[in-house]
Amino acid sequence: MNHAQQVDIELIVNHEKINCRVPVRVNLVDFLRNELGLTGSHVGCEQGVCGACTVEVDGTMVRGCLMLAAQADGSTVNTIEGFAESGRAGHLQQAFATHNALQCGFCTPGMLASALEYLEQGGVADRAAIRQHISGNYCRCTGYQAIVDAIEEVAGQTETTDGQ
Amino acid sequence: MKAPDFNYQRPASLSAALQLLHDNDQDAQLLAGGQSLMPMLHLRIAQPDMLIDLNRIDELATIDAGDAHIEIGSMVRYAQLEASEQIKTCLPLICSALPHIAHSAIRNRGTIGGSAALADPAAEMPALLIASNASINLVSTKASRVVSADDFFTGLYETALQPGEIIKSISIPKPGNNSVFGFYEITRRHGDYAMAGVAISAQQQSPLHKMRVVFFGVAEKPLRAHNCEQALENGTANDSGAIDLAIKSLEQLPLMGDQHTGVDSKRHLAGVALKRALQELH
Ligand SMILES: Cc1cc2nc3c(=O)[nH]c(=O)nc-3n(C[C@H](O)[C@H](O)[C@H](O)COP(=O)(O)OP(=O)(O)OC[C@H]3O[C@@H](n4cnc5c(N)ncnc54)[C@H](O)[C@@H]3O)c2cc1C
Ligand code: FES
Ligand code: FES
């Protein structure tokens, strides 16, 4: 067996073209954090359970810990840094701040990514549906209530804008 | 922990993947959605010398509707099934169960073939495939064969897959116009693996006819409950006498507890799931 196999990958991260050589066993979120310095995505469980590592790959939100960096070759990746910079999550970030929807902030980048997916897929201000959509993201601080409040508020705003 | 070291191969065709698997069989493992295998690598439960990544094999990722069957490629992801109009119109049972499988981010990657190959006893898909009378299409470098879902799931994380074989696709017969379906699972939290669940199909509702009642999360593998089906046959979904008999028949099933739920609780929950699934038969 070929120990420490490395592959060359080319991908777009937060609108920037990246060329890199990575050991094949490195997962995507470790690559983003350790190689690219994008430490907004967090690493909690490395088993897909906590959701702290959630990032967008080719338009869908995925667990950054359950994909190899090598598998993202040729992909377009967006992280919380990208969502913040482009303003895509601006309204959500604002609502999270207003509602105290974060305390330590460990879960927040993943929570925002999941909430963004909910809203962009046309999710409405329905608390049960919101809870269902973020059921894969753990928060150990807030008790979720404020997070649901924040997402509900933004969903409500979007609905009204759509209705006008 | 981090994944152990391995050699990574990303074949572009099924035949290339089969050749790699053939040449490295003892040491290679297939990587589908990675939503179970990646955690196993991180936990070092899996330590393959080689990972054969199926994610760039387009021919495995299609849904084809024929006259009598829908053929779903093994690399079709749950999210792809959820978005498919064909699945929505032709396979209402699978469609109604999909939102209960894990969470959105997991469904964006996890595949139907990966779930079948893993054969987790608490997973929804194996039970759905048995309830849908599905067939699993297997290929190797030498031959291809078809195994019915009834025979495919052989034990705890065990299947009829032989060394060198890959699940190519899964064929599900299109149900007849009078068919009805039920699905119910009991979980601690939405998206968790079920503590107990049941998938039901019947070729006719009143009276119930030719049922398939398949429990999951309660035994070492998905369990088809023939006695339960017999108790309900020719009755209606709200015939309380028949339902009581059906629930009583669960005593004969070889159920198994897990670290959270003892076997008696499992049996009780299986009965509750059955009752509720029958109430919602549609
Ligand atoms: C937090 C979390 C919650 C989850 N909750 C649920 C749940 O509620 N219900 C549920 O059912 N699942 C759940 N899952 C698991 C998820 O459904 C997985 O996607 C699925 O079990 C495996 O599919 P995969 O495509 O990810 O396969 P992988 O993880 O890539 O592979 C699984 C196994 O199958 C083998 N394999 C894959 N494809 C093939 C093929 N074509 N031919 C032969 N062998 C193959 C692999 O070698 C490996 O051994 C959860 C996962 C996570 C991380
Ligand atoms: S670190 Fe990826 S889900 Fe927890
Ligand atoms: S704010 Fe601390 S985990 Fe959510």
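The values are calculated or read from the model by the stated rules, or taken from the named source; none is laboratory data. All values derive from a computational prediction rather than experimental measurement. Note that each Cβ is placed from the backbone with ideal geometry, even for glycine, and that neighbours are counted across all protein chains shown.
What the table below lists for this structure:
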| read-out | value |
| --- | --- |
| When residues of segment A:134-164 are limited to those that are closer than 20 Å to residue A:78 by Cβ and away from ligand 3 (no atom under 16 Å from the Cβ), the one surrounded by the fewest Cβ atoms within 10 Å (Cβ to Cβ) | A:158 |
| Selection count where residues are near ligand 2 (Cβ under 7 Å from one of its atoms) and facing chain B (nearest Cβ under 9 Å), scope segment A:55-66 | 3 |
| Residue in segment A:126-140 that is within 16 Å of ligand 2 (Cβ to nearest atom), among the polar types (S, T, N, Q) and in a helix (DSSP H, G or I) present | no |
| Residue B:171, sole failed condition from (1) assigned to a strand (DSSP E or B); (2) small (Gly, Ala, Ser); (3) surrounded by fewer than 16 Cβ atoms within 10 Å (Cβ to Cβ) | (3) |
| Selected residue (only one of B:67, B:150, B:120 is within 25 Å of residue B:212 (Cα to Cα) and either within 11 Å of ligand 1 (Cβ to nearest atom) or among the aliphatic types (A, V, I, L, M) (or both)) | B:120 |
| Qualifying residue in segment B:94-107 (condition: away from ligand 3 (no atom under 16 Å from the Cβ), on the phi < 0 side of the Ramachandran plot and more than 19 Å from the chain's Cα centre (by Cα)) | no |
| Answer from A:154, A:49, A:148 - the residue that is in the same structural domain as residue A:15 (by TED's automatic domain parsing) and at pLDDT 95 or above | A:49 |
| Qualifying position, being within 11 Å of another protein chain (Cβ to nearest Cβ), among the hydrophobic types (A, V, I, L, M, F, W, C) and outside any helix (DSSP H, G or I), among B:30, B:51 | B:51 |
| Criterion (touching a residue at least 60 places away in the same chain (Cβ under 8 Å), away from every other protein chain (no Cβ under 11 Å) and surrounded by 16 or more Cβ atoms within 10 Å (Cβ to Cβ)) met by exactly one of A:51, A:82, A:110 | A:82 |
| Test result for residue A:4, aliphatic (A, V, I, L, M), within 14 Å of chain B (Cβ to nearest Cβ) and either surrounded by fewer than 17 Cβ atoms within 10 Å (Cβ to Cβ) or in contact (Cβ under 8 Å) with a residue 24 or more places away in the chain (or both) | yes |
| Whichever residue in segment B:166-214 is β-branched (Val, Ile, Thr) and over 29 Å from residue B:60 (Cα atoms) and, among such residues, is nearest to ligand 1 (Cβ to nearest atom) | B:187 |
| Complete set of residues in segment B:1-13 that are closer than 11 Å to residue B:52 by Cα and more than 7 Å from chain A (Cβ to nearest Cβ) | B:9, B:10, B:11, B:12 |
| Selected residue [at pLDDT 95 or above and either more than 15 Å from ligand 3 (Cβ to nearest atom) or closer than 24 Å to residue B:7 by Cα (or both)] from A:83, A:106 | A:83 |
| Single residue of segment B:153-168 satisfying the filter (in a strand (DSSP E or B) and out of contact with any helix residue (DSSP H, G or I) (no Cβ under 8 Å at 6 or more places or on another chain)) that is farthest from the other protein chains (Cβ to nearest Cβ) | B:154 |
| Hey, residue A:113 in contact with a Phe, Trp or Tyr (Cβ under 8 Å, 6 or more places away or on another chain) and either assigned to a helix (DSSP H, G or I) or of a type outside the set (D, E, K, R) (or both) or not | yes |
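Yes/no per residue for (1) closer than 17 Å to residue B:55 by Cβ; (2) touching a residue at least 24 places away in the same chain (Cβ under 8 Å); (3) away from ligand 1 (no atom under 14 Å from the Cβ):
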| residue | (1), (2), (3) |
| --- | --- |
| A:11 | yes, yes, yes |
| A:23 | no, no, yes |
| A:30 | no, yes, yes |
| A:46 | no, no, no |
| A:57 | yes, yes, yes |
| A:68 | yes, yes, no |
| A:73 | yes, yes, yes |
| A:76 | yes, yes, yes |
| A:92 | no, yes, yes |
